[in-house]
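Written below as structure tokens is the structure these notes are about.
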Amino acid sequence: AKRAFGGVEQTKELHRDARSFVWLDDARRDLQHAVRTLRRAPGFTAAIVLTLALGIGANTAMFSVISGVVLKPLGYPDADRIVAVLNRWTDTGQTQPNLAGGDEIDISARHETFEAFAYYNGGEMGVQLADRAEFVGTQFVHPDFFRVFGVPAASGRLFNRDDAQRSAIVGLGFAQRNFASAAAALGQSLFIGSRSYQIVGVMPAAMQFPARTDVWAAAPLEPNNRNRGGHNYRAVARLAPGVSVEAANAQLSALAIQLAQAFPDTNRG
């Protein structure tokens with residue numbers, strides 16, 4: 001029996017290993033060995049630390065993007081009804097965020113699936129105030145722009161269609177920075193280029209679309225550039241109640257076919 005079991009003491013040791021935390025002691029010895037090895041090779045150690053840091057940083061950044069874009073809903077009412085309107089090239093399947101001015105006019109006039117539709121364009125530019133100027137994110141937006149997002153003004157009002165090329169709405173941070181408060185900003189004037197705009201509203205801090213925008217200036221009801229070959233505008237829309245993204249895509253695809261037939265030089269494909 002002793003020969004079959006391999007000896008009493010050997011059997012005791014096997015059972016003791018199985019019923020105790022030997023793995024913890026093994027892990028401690030492995031860690032000590034790893035530390036001694038890394039101390040003897042500082043260059044190798046630095047490479048390992050840098051690799052780990054880059055890997056952890058990249059994963060953290062990716063998770064932040066996915067969390068902000070995919071997991072967290074947009075901070076607007078009925079955000080699942082807010083869509084971007086894009087160009088898609090039928091030969092490659094690639095999408096482009098910009099629309100041509102002429103196409104935007106046709107979409108705006110002939111769509112039936114949107115409750116609100118608005119084009120916009122802009123970027124970082126100089127805004128002149130009474131006694132100073134700021135270089136800030138500035139967008140020229142269709143007067144229905146804020147209807148798409150369903151966000152009320154923190155102070156003042158949103159655009160109406162008579163505001164085109166004469167009124168502006170600013171962000172809360174911009175108002176506080178330049179006029180001390182949102183209420184004090186109302187009625188003030190600012191210049192973008194040579195054109196004067198009167199501030200009629202201040203948006204809450206959460207409203208920053210596109211990102212880092214401080215000033216929204218009311219644009220004409222139709223883009224000034226109607227060229228169908230140049231893609232200079234972006235567009236957002238709010239789906240009408242009961243309308244799916246698929247239904248909106250189907251209508252826009254049918255319109256795209258009509259435009260391709262009417263303007264083959266610019267709209268084919």
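Worth pointing out:
- Accessible area per residue was computed with a 1.4 Å probe on protein heavy atoms; Phe263 scores about 80 Å².
- With respect to the chain, whose longest principal axis is taken over its alpha-carbon atoms, helix 245-262 is tilted by about 50°.
- Solvent-free Debye calculation, one equal scatterer per alpha-carbon of the stretch 67-200: log10 I(q)/I(0) at 0.21, 0.22 Å⁻¹ equals -1.39, -1.44.
- The antiparallel fraction among DSSP beta bridges confined to the stretch 129-269 stands at about 45%.
- Taking the DSSP beta bridges with both ends in the chain, the antiparallel portion is around 75 percent.
- Convex hull volume per residue, computed on the Cα atoms of the chain, equals 304 Å³.
- Gyration tensor verdict on the stretch 195-269 (Cα atoms; rounded if a/c is under 1.5, prolate if a/b is larger than b/c, oblate otherwise): oblate
- Only Lys, Arg (+1) and Asp, Glu (-1) charged, at Cβ; the chain dipole about Cα centre in debye: 1200 debye
- Coil-residue GluC sites (Glu not before Pro) of the stretch 108-166, DSSP, other Cβ within 10 Å capped at 15: Glu112
- Under 5 Å between amide hydrogens, built in the peptide plane, is the criterion, and for Ala154 it picks out Val202, Met203 among residues at least 5 positions away or on other chains.
- Measuring nothing but protein heavy atoms, the accessible surface of the stretch 91-215 at 1.4 Å probe radius is 47 percent carbon and sulfur.
- With Cα atoms, 0 to 90° folded angle of helix 22-40 axis to the chain main axis: 70 degrees
The values are calculated or read from the model by the stated rules, or taken from the named source; none is laboratory data. The structure presented is a predicted model; accordingly, all values stated were derived computationally and were not measured. All Cβ positions, even for glycine, are placed from backbone atoms using ideal geometry, and neighbour counts span all protein chains on display. Accessible surface is based on the protein model in full, side chains and every heavy atom, while ligands, DNA and RNA are left aside. Shrake-Rupley method; radii C 1.70, N 1.55, O 1.52, S 1.80 Å.
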